[in-house]
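*Asks:* Structure below; questions to follow.
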C-alpha cells in the first residue's frame, strides 16, 4: 500500500456539495500514473442527465460527517459509476452520502482514477467504446486495478484517522454503483491484509467481470447487499444474481433486490417507481446488521 497524504484540504469551492473537507489520497502524483497530463473537469452531461466528473488523475475523498445527534460510528465509502470514463458524482455519490450522513453514518465519496477523456464529452466517448464490449472490458482492467488501489488507500486512510473522523474502524462499509461496484469489489476480494478489507459491502447494478466472480471470498463474515433492475439497458442484472449466488454458496450473509423497472444508473434519481425506495431498503439492511 502506497503511503497516503495525511493533510486534508478544507473545502472552499466545494461548500455547495455540503462536504466538510476534501482529502487527497496520495502525496504528489498517484503511483503508476505520474506521467498523466489530463486535467480533472466537471460538467452537467446531457446524455446521462446528471453532473459528472472526468479525467481524475489525483484520487481524493469528499467527507460528509454524520449528523452528530444520530452518529453511530459507522462509515461508508461510496464509489460512483460511469464506465471508468466518468463519475456520476451527484446521483451515485454526493446524494448517497447526504442520505447516509442524515441517518447517522459518516460517508466519503471516492473520486478514483479514470480512463482519459479526450473530448469534452465522457459519456459519448464511453458509449462509443462500449459498442465493442470485449475490447472495452479489456481496456478497463488496468484502470480497475488502479481504482482498486485508490479505494484501498481510502479505507486505510479512514481507519488510520478513525478518532478524528469519530468513526469505529470495525464498522466500515463500501457501496459501489455500476463500474464503482467493481471498484469496491477490488477492496473486498483483493485486499492483502485486514486494514483494507471492509466490514460490509453493497453492489448496485454492478457488472463484475468473470475474474471477479471466480475470486475466492474472504473467510471472515462480510455481509453483501445487491440491487439492480431487470430492465437494465446494459443487461447487467444477471451479473448481480451471479454475485449474490457466489456469496450465498460461500455461506456468507447476503441480500438481493431485483426491481422490475428502473433501468441502469437509477442511483438516487426519482422515477415514480418502486426502485426509488432502494436506498430505504438499504438502510433497513444496515439496521438489521447493526450498522445503523
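*Asks:* Beta carbons within 10 angstrom, averaged per residue: use that to sort the peptides 132-139, 62-69, 49-56, 283-290, highest first. Let's see the in-between values first.
*Replies:* Values: 132-139: 11.8, 62-69: 17.8, 49-56: 21.0, 283-290: 15.5.
The peptides rank, most packed first, as 49-56, 62-69, 283-290, 132-139.
*Asks:* Using only the alpha-carbon atoms of the chain as identical scatterers, what base-10 log of I(q)/I(0) does the Debye formula give at q = 0.13, 0.16 Å⁻¹?
*Replies:* -0.83, -1.37
*Asks:* With no solvent and one equal point scatterer per Cα, compute the Debye intensity ratio I(q)/I(0) for the stretch 87-174 at 0.19, 0.22, 0.26 Å⁻¹ and report its log10, rounded to two decimals.
*Replies:* Debye output, listed in q order: -0.98, -1.13, -1.33.
*Asks:* Can you give the percent of C-alpha pairs in the stretch 116-265 whose distance is more than 28 Å? Working shown, then result.
*Replies:* Working: 2525 of 11175 pairs.
Of all Cα-Cα pairs in the stretch 116-265, 23 percent lie more than 28 Å apart.
*Asks:* Can you give me the distance in nm between label points at residue 170 and residue 27, each placed 7 Å from the Cα along the Cα-to-Cβ direction?
*Replies:* 3.1
*Asks:* Based on DSSP, what percent of beta bridges with both residues in the stretch 19-288 are antiparallel, to the nearest 5?
*Replies:* Details: 16 of 40 bridges.
Among the beta bridges of the stretch 19-288, antiparallel pairing accounts for roughly 40 percent.
*Asks:* So, one more: Where in the stretch 184-212 does the label zone of residue 241 land, with the point 7 angstrom along Cα→C-beta and an amide N cut-off under 20 Å?
*Replies:* Only 203-212 fall inside the zone, counting backbone N under 20 Å.
*Asks:* Tell me, how many Å apart are the Cα centres for the stretch 93-160 and for the stretch 228-282?
*Replies:* Here the two parts' Cα centres lie 19 Å apart.
*Asks:* If you count, for each residue, the other Cβ atoms within 10 Å and average over each peptide, how do 140-149, 71-80 line up from highest to lowest? Show your work: numbers first, answer last.
*Replies:* Values: 140-149: 19.4, 71-80: 24.8.
In decreasing order of mean packing, 140-149, 71-80 become 71-80, 140-149.
*Asks:* How would you rank 99-107, 150-158, 228-236, highest first, on the average number of other Cβ atoms within 10 Å across their residues?
*Replies:* On the way: 99-107: 22.0, 150-158: 24.3, 228-236: 17.4.
Highest-to-lowest ranking by the protection proxy: 150-158, 99-107, 228-236.
No value in this document is a laboratory result; all are computed from the given coordinates. All values reported here derive from a predicted model rather than from experimental measurement. Glycine gets a Cβ as well: all are built from the backbone with ideal geometry, and neighbour counts include every protein chain shown.
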